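Here is the structure we will look at, set down as structure tokens.
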């Protein structure tokens, strides 16, 4: 369909009936009611070139990228590798020349993305023509704008495409625009890469387990991760670690694959299916013919499998461990295969001096000296990220955009970095998401593009610490549940955290500790308990009465949370929640049907600032991220507001939650004139409502929170404690859903979050 994004309304048709259905959908999706009908190139290679042209006609290629998945899968749902790995120089130059001719003939000024389909190897998929001649190709699409691929190319090369395009728009030539990375060359120099980049999409099927997982021409991913290393194998392993899908590595396989044929259709699980099939000894060319994946990629996967076998069968020594680490194997993967605990593998690495070094992304493959503070880890010799003695703090980012943890947390991370800089600290950012502002190399003083796991974060902290130095403190409040979950590993490693302590986080997240805390404080919460087995769950539900809310602890976005009406439903949903909880307790609470209210508060250890109270329009039981919220509240009287403020202050001061805390309450009708307010949840971190409240009240919440962590009181920053006066404006936060892109999903709203974004409206009424 014309004028659509992400393949909306498009599809492939193999019969006239399918063609009518896809055309009808496409015409409805197109604002000008136009669709393009083209030859199906299913199975051909898909490649992209990012090119740039100025007003004087100077053109350069910034980056070329190759999709591991062949044609038939939307590029946003494909695993992408940069630079291309399977093209001959002849094919590379042929497509490069075509891309430059296109941007020149169209007289485009700025950035442009050109997508090609290139015929595959004859032994993978047959096609008409002579393979000894130049491979046939087709231009699929030309995007004369900054696109999703432009963002990836920018982060992969360090070349700021949007910045350069903006300068071209005001009349500058490429040779007049300084290269912000080297400070010596100009934007007219084509980037050169001496590393490999792998992007893997992040799909929402952990939220929509019963959804249609088949990938096609309509994009289904909500976000993506990117990893950089010296080889494809290492970058692929790091990218999989970055996905944060239940600790899944390349070793994972679906239990039902063990006794059946592995399905190699295009789904979000195909990468693991390919690995499983190759482990079974299926000939690589057979797998290539069935999937259209180039044999080069499958050969590299076979190399990873060969290393797995060595770790299983050989004694783990220095040489084997070093080779495994160079191939991107995490300590956890090595331990799983060689029968060690991850911490034992880490200790062995330290004893043997097998430590990562950090290389700079410099746009020029070290041809010129660069000053960019943008690094990736690898297991080589020279370390380019030299520790510095000035005071610094590390902001742990939020990883890939997914349901429950979206761009709001990147907003908080970026503002935290800026607040550190304004306070005289060096801001160090670590994240794995190429789509975000936090991974722009000039947002922080030093950027590490790394997986957000225990191993990678501890490694970079040790690198920043240097020999005999002081480890910089980490801030875990702004990266959502990803960062919060790192608080305990950092505490166990005796690494400093500023803001709420790991103990405060544990008290808020651990049901038994939190229940005891609220009882001691005299603050009511819905009756309930934390259970570890089905028998206790059924007993608890019978005692407190149905309906009940079932949810795992230590999760974000209401994952696997349900309102349960009877024992039959409880048996089903308790099993789902237990899988997600991974050994941690599952919480069962009495469901209270009242108005839900949400508060974001900032504490300096002595006093509390409440920038605003939000009232949800939907009933309690609909996840706060899926509910419309109103600021200021419309249906709370002065007594109820005073009670909410009192509970908020007592909770954050009692937890000693320095910085930001989010609290959710349910408000029931008054009883004997007294407010009936119960605490549903406390999160000692930034929430997804921080950008909303900050924008509508004008209170710079993240900046105030960071300064309180650094020891400055709320009053010293010029803000009075207590509830901030309500503005004369009314603001509404409304969720945005993407159900049209996902088929066979339950669109009913409940305690598990389903929205992928939000919008805000402000007016006088």
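Within the stretch 592-629, which residues are in contact (Cβ under 8 Å) with a residue 40 or more places away in the chain and assigned to a loop (DSSP other than H, G, I, E, B)? Steps first, answer last, please.
Going residue by residue through the stretch 592-629, those that are in contact (Cβ under 8 Å) with a residue 40 or more places away in the chain are 592, 594-614, 618, 620-629.
Within the stretch 592-629, 592, 594, 604, 605, 606, 607, 620, 621, 622, 623, 627, 628 meet the criteria.
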One residue is enough: does the stretch 742-765 have a residue meeting the conditions within 21 Å of residue 630 (Cβ to Cβ), over 28 Å from the mean Cα position of the chain (by Cα), at pLDDT 95 or above and surrounded by fewer than 15 Cβ atoms within 10 Å (Cβ to Cβ)? yes
Only one residue in 43, 26, 10 is under 34 Å from the mean Cα position of the chain (by Cα) and over 30 Å from residue 121 (Cα atoms). Which one? 26
Against the condition within 21 Å of the chain's Cα centre (by Cα) and modelled with pLDDT under 95, how does residue 386 come out, does it pass? no
For the subset of the stretch 440-450 comprising residues that are touching a residue at least 60 places away in the same chain (Cβ under 8 Å) and under 19 Å from residue 153 (Cα atoms), which member is surrounded by the fewest Cβ atoms within 10 Å (Cβ to Cβ)? 442
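Based on what the data block shows, is residue 6 closer than 28 Å to residue 288 by Cα, touching a helix residue (DSSP H, G or I) at 6+ places or on another chain (Cβ under 7 Å) and at pLDDT below 85?
On the way: closer than 28 Å to residue 288 by Cα: yes; touching a helix residue (DSSP H, G or I) at 6+ places or on another chain (Cβ under 7 Å): yes; at pLDDT below 85: yes.
Yes.
For (1) more than 19 Å from residue 480 (Cβ to Cβ); (2) without any contact (Cβ under 8 Å) to a residue 12 or more places away in the chain, each residue gets a yes or a no:
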{"site": "675", "(1), (2)": "yes, no"}
{"site": "681", "(1), (2)": "no, no"}
{"site": "686", "(1), (2)": "no, no"}
{"site": "693", "(1), (2)": "no, no"}
{"site": "711", "(1), (2)": "yes, yes"}
{"site": "714", "(1), (2)": "yes, no"}
Considering only the stretch 108-131, I want to know if a residue exists there that is buried (at least 18 other Cβ atoms within 10 Å of the Cβ), out of contact with any helix residue (DSSP H, G or I) (no Cβ under 9 Å at 6 or more places or on another chain) and in a strand (DSSP E or B). yes
Going by the structure shown, is residue 733 touching a residue at least 40 places away in the same chain (Cβ under 8 Å) and touching a helix residue (DSSP H, G or I) at 6+ places or on another chain (Cβ under 6 Å)? yes
Identify all residues within the stretch 315-333 that are touching a strand residue (DSSP E or B) at 6+ places or on another chain (Cβ under 8 Å) and either more than 16 Å from residue 302 (Cα to Cα) or surrounded by 22 or more Cβ atoms within 10 Å (Cβ to Cβ) (or both); write none if there are none. 328
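Each row is one residue, and each column tells you yes or no for (1) modelled with pLDDT of 95 or more; (2) within 34 Å of the chain's Cα centre (by Cα); (3) over 30 Å from residue 202 (Cα atoms).
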position: 73; (1), (2), (3): no, yes, no
position: 100; (1), (2), (3): yes, yes, yes
position: 103; (1), (2), (3): yes, yes, yes
position: 108; (1), (2), (3): yes, yes, yes
position: 122; (1), (2), (3): no, no, yes
position: 125; (1), (2), (3): no, no, no
position: 136; (1), (2), (3): no, no, yes
Filter the stretch 692-713 down to the residues that are in contact with a helix residue (DSSP H, G or I) (Cβ under 6 Å, 6 or more places away or on another chain) and under 28 Å from residue 511 (Cα atoms), then identify the one that is surrounded by the most Cβ atoms within 10 Å (Cβ to Cβ). 706
Count, please, the residues in the stretch 724-736 that happen to be buried (at least 21 other Cβ atoms within 10 Å of the Cβ) and more than 25 Å from residue 395 (Cβ to Cβ). 1
With criteria (1) touching a strand residue (DSSP E or B) at 6+ places or on another chain (Cβ under 6 Å); (2) surrounded by fewer than 22 Cβ atoms within 10 Å (Cβ to Cβ); (3) modelled with pLDDT under 95, residue 666 comes up short on (2)
Hits in the stretch 676-691 (condition: surrounded by 19 or more Cβ atoms within 10 Å (Cβ to Cβ) and more than 18 Å from residue 404 (Cα to Cα)): 677, 678, 679
Out of curiosity, is residue 602 buried (at least 23 other Cβ atoms within 10 Å of the Cβ), at pLDDT 95 or above and either under 26 Å from the mean Cα position of the chain (by Cα) or outside the structural domain of residue 544 (by TED's automatic domain parsing) (or both)? yes
It is to be established whether one or more residues within the stretch 198-213 are under 26 Å from residue 93 (Cβ atoms) and either touching a strand residue (DSSP E or B) at 6+ places or on another chain (Cβ under 9 Å) or touching a residue at least 40 places away in the same chain (Cβ under 8 Å) (or both). yes
One residue is enough: does the stretch 472-489 have a residue meeting the conditions more than 25 Å from the chain's Cα centre (by Cα) and farther than 19 Å from residue 574 by Cβ? no
Confirm whether residue 717 is touching a helix residue (DSSP H, G or I) at 6+ places or on another chain (Cβ under 8 Å), modelled with pLDDT of 95 or more and surrounded by fewer than 18 Cβ atoms within 10 Å (Cβ to Cβ). yes
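Out of the residues in the stretch 470-492 that are part of a loop (DSSP other than H, G, I, E, B) and touching a residue at least 12 places away in the same chain (Cβ under 8 Å), which is nearest to residue 390 (Cα to Cα)?
For the stretch 470-492, the residue satisfying everything is 472.
The values are calculated or read from the model by the stated rules, or taken from the named source; none is laboratory data. Quick caveat: nothing in here was measured; it's all calculated off a predicted structure. Positions of Cβ are generated from backbone atoms using ideal geometry, with glycine treated the same way; all protein chains shown enter the neighbour counts.
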